[in-house]
1. How many of the residues in the range 4-46 are under 13 Å from the mean Cα position of the chain (by Cα) and either part of a loop (DSSP other than H, G, I, E, B) or of a type in the set (A, V, I, L, M) (or both)?
2. State whether the residues of the range 47-70 include one that is outside any strand (DSSP E or B) and aliphatic (A, V, I, L, M).
Amino acid sequence: MPSHLSDIGFALKTHEDFEQLAVKTCNQGQRFRTTDGSYIRWSPGLGIELWAQLDQHDEIIGLHPHFRGNARMRVNIINESRDRIQQSWTRHITSRHSGASAVSRDNVLVSRACA
């Protein structure tokens, strides 16, 4: 069955496959500590990223796939202060659905720099 992980090349068949991938991400990735735990980013190449989420006891509580790459899109800035964008949205239309999605202010600032 297709999944977010299979979309970026990880065709996992069992729960054990998922656990092994999570452990590999933690062993080979770069750690980012937070007050509530850590995130570990593993970038095996071609823009593919896996982010493991760990709690304060270094127990894995999540594994999230991402794809890193350049993109351009129009955004609607809803709330902006003098030095930062507080809230923004982008509209998307695909063959399956359409709607609006929140966009982080960091992404909007990068988009402004590239425009």
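1. As a first pass, look at the range 4-46 and keep what is under 13 Å from the mean Cα position of the chain (by Cα): 4-5, 8, 39-43.
Keeping just the survivors that are either part of a loop (DSSP other than H, G, I, E, B) or of a type in the set (A, V, I, L, M) (or both) gives 5, 8, 40.
Of the residues in that region, 3 qualify.
2. no
Rule-based calculations on the coordinates, nothing more; no lab input. The shown structure was predicted, so the numbers you read here are calculated from the model rather than taken from an experiment.
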